[in-house]
Amino acid sequence: MIEASESEKNCRLLFALMTRFGAKDLGAVHNFFATTADACCPCCYRRREDIAKVDKNGNLNCRFVHHHDHYVDVSHNVVMLFSPADTSRRGVIDYGAINAVRASFQRFPETLICEHCNNADATAKGIVGAPEQFSFAPYEISAFIIVTPNEAHKVDEDRALSIY
């Protein structure tokens with residue numbers, strides 16, 4: 001939980017960034033307030049001041065997203081494996097067992113990363129032809145992005161292919 005003083009610092013930073021970039025308004029700042037003053041993206045290692053950029057409408061964007069392994073999304077099919085054979089127990093689901101199996105599908109924990117890194121993940125998946133359910137881990141994203149302050153990342157295609 002972020003203290004009120006941290007929220008105030010976040011607000012001041014947003015307005016300072018709006019002034020610095022000449023933004024006319026706030027755009028996408030999802031999860032900005034879930035970060036602290038010293039926060040940086042665990043993939044590109046940029047601080048919020050270097051993640052912020054103005055969108056095509058002149059609004060300031062500084063968005064963070066919960067990046068997760070998409071294989072976990074499809075693991076709900078595992079529920080069928082735990083459906084009791086005993087018809088008297090139909091509808092009784094062992095959620096502990098299901099969650100344990102789901103965790104075994106997960107290559108990395110859900111991580112708050114900047115939108116640019118999350119978008120680079122999608123771009124790289126398209127380059128390598130990965131299945132929809134695949135996600136690069138944050139440390140893998142770090143290895144194939146080309147980072148520029150206040151810009152969207154470019155993807156080093158050869159590195160992405162090598163990592164995949």
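The values are calculated or read from the model by the stated rules, or taken from the named source; none is laboratory data. Keep in mind that this is a model prediction, so the values were computed, not measured. What goes into the accessible areas is simple: the full protein's heavy atoms, side chains included, and nothing from ligands, DNA or RNA. Shrake-Rupley method; radii C 1.70, N 1.55, O 1.52, S 1.80 Å.
What the table below lists for this structure:
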item	result
Whole-number D in µm² s⁻¹ for region 1-63, Kirkwood Cα-pair radius fed into Stokes-Einstein, 4 °C, 1.567 mPa s	110
Share of alpha-carbon pairs per 10 Å distance bin for region 113-154, given as whole %	30, 59, 11, 0
Net length gained if the chain between SER5 and TYR164 were fully extended (0.36 nm per residue, minus Cα distance)	53.0 nm
All lysines inside 26 Å of LYS125 as judged from Cα atoms, apart from same-chain residues fewer than 8 positions distant	LYS53, LYS56, LYS154
Largest-first ordering by accessible area, 1.4 Å probe, given options ILE146, ILE163	ILE146, ILE163
